[in-house]
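Some notes on the structure that comes next.
The values are calculated or read from the model by the stated rules, or taken from the named source; none is laboratory data. These numbers come from a predicted model, not from an experiment. Here the Cβ positions follow ideal geometry from the backbone for every residue, glycine too, while neighbour counts run over all protein chains shown. Each accessible area value is taken on the protein alone, full model and side chains, heavy atoms only, with ligands, DNA and RNA left out. Shrake-Rupley method; radii C 1.70, N 1.55, O 1.52, S 1.80 Å.
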Amino acid sequence: QEVIQDKHHVHMNSTCWATLSDFVQYLGKIGKCHVEETERGWYITYIERDPMLLERKKRQQERATAERNQELRAAKMMEVQRMEAAKALDRAGGSVKVEASDLVRDGAKSVSV
């Protein structure tokens with residue numbers, strides 16, 4: 001009989017699971033791993049629950065949310081300023097005429113940058 005080097009080694013026959021597949025399914029049920037069964041076998045993905053990692057992800061999400069909110073506030077502020085400028089222009093009696101026109105080139109000269 002082969003001597004096992006690790007003194008904390010546990011055989012499957014000394015656990016409550018009869019097979020390794022049962023153990024894998026148990027890990028999926030309790031949420032420790034994401035378990036997927038394919039025709040090639042079981043695929044297990046460990047779900048990281050490190051408190052520092054979770055805190056870092058939370059801070060990144062909060063930062064992204066804050067940036068989106070700031071962009072929305074800036075866009076609203078620009079719209080308000082645009083409306084106020086248009087009202088001020090109307091009160092002064094002026095007008096802004098925006099009209100699209102076709103691009104017309106003189107001759108067949110090439111454009112150089």
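Could you tell me whether residue 55 is within 16 Å of the chain's Cα centre (by Cα) and open to solvent by less than 90 Å² (accessible area, probe 1.4 Å)? Explain how you work it out, then say what you get.
Values: within 16 Å of the chain's Cα centre (by Cα): yes; open to solvent by less than 90 Å² (accessible area, probe 1.4 Å): yes.
It is true that residue 55 is within 16 Å of the chain's Cα centre (by Cα) and open to solvent by less than 90 Å² (accessible area, probe 1.4 Å).
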Next on the checklist: Looking at (1) open to solvent by 100 Å² or more (accessible area, probe 1.4 Å); (2) of a type outside the set (A, V, I, L, M, F, W, C); (3) modelled with pLDDT of 90 or more, which one does residue 49 not meet, given that it meets all the others?
Outcome noted: (3)
Checklist entry - Under 7 Å by Cβ, and 6 or more places apart or on different chains, what pairs join a residue from region 41-52 that is under 15 Å from residue 26 (Cβ atoms) with one that is surrounded by 10 or more Cβ atoms within 10 Å (Cβ to Cβ) and of a type in the set (D, E, K, R)? => result 47/32
Checklist entry - Hey, any hits in region 4-24 for a residue that's open to solvent by less than 90 Å² (accessible area, probe 1.4 Å), of a type in the set (S, T, N, Q) and under 29 Å from the mean Cα position of the chain (by Cα)? => result no
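Is region 77-86 home to any residue that is among the hydrophobic types (A, V, I, L, M, F, W, C), open to solvent by 90 Å² or more (accessible area, probe 1.4 Å), in a helix (DSSP H, G or I) and at pLDDT 90 or above?
Taking region 77-86 first, the residues among the hydrophobic types (A, V, I, L, M, F, W, C) are 77-78, 80, 83, 85-86.
Imposing the further condition that a residue be open to solvent by 90 Å² or more (accessible area, probe 1.4 Å) reduces the set to 77-78.
So of that shortlist, the ones also in a helix (DSSP H, G or I) come out as 77-78.
From what's left, at pLDDT 90 or above: 77-78.
Yes.
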Next on the checklist: It is to be established whether one or more residues within region 88-109 are within 29 Å of the chain's Cα centre (by Cα) and of a type in the set (D, E, K, R).
Outcome noted: no
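From the list 72, 89, which residue is open to solvent by 80 Å² or more (accessible area, probe 1.4 Å) and of a type in the set (A, V, I, L, M)? Full working, then the answer.
Details: 89 fails: open to solvent by 80 Å² or more (accessible area, probe 1.4 Å).
That would be 72, the only listed residue that is open to solvent by 80 Å² or more (accessible area, probe 1.4 Å) and of a type in the set (A, V, I, L, M).
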